[in-house]
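Here the structure is laid out as structure tokens; the discussion comes afterwards.
Only the coordinates and a few stated rules stand behind these numbers; no lab work does. For clarity, every value in this text was computed on a predicted model and none was experimentally measured. Please note: Cβ atoms are built from the backbone with ideal geometry, for glycine as well, and neighbour counts cover all protein chains shown.
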Amino acid sequence: MRPDRKGNAPDLKRWADLWKPELKRQLLLIDDVREVFMMALRVLGYSGNTRNEAEIEAAYNKLKELMPNVKLFNAESPKDAYLSGEVRVGMIWNGEAYMAQRRSRTCGS
């Protein structure tokens, strides 16, 4: 989450917080099916490496519940959506997060 864009955003401490209705159309998810499914599996208490079809289906249904909160999927350069203010919260690769933090400090955004 961008600290300068928090506004009235809910306190986010775990993946399950991304399902909060206050985040409608504010999330960016990495455009990587394994990463996104792993998040949903972990929210449900399952292993990210499960092969259990019922658990995978439960994760799929959990992700369908999240869709109203998702504004976009991006794996190429998610930092740009955060820096521009297009999204407020979501997933990001650690290298992209590092570059975004550096650019934000340099540009004052």
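The aspartates and glutamates within cross-link reach of Lys64, meaning a Cα-to-Cα straight distance under 18 Å and a gap of 8 or more places when in the same chain, are Asp17, Glu22, Asp31, Asp32, Glu35, Glu53, Glu55. Descending by average beta-carbon neighbour count within 10 Å, the peptides 63-75, 47-59 line up as 63-75, 47-59, the highest first. If the reach is capped at under 19 angstrom between alpha carbons, list the aspartates and glutamates near Lys20, excluding any in the same chain fewer than eight residues apart. Those aspartates and glutamates meeting the cut-off are Asp11, Glu65, Glu86.
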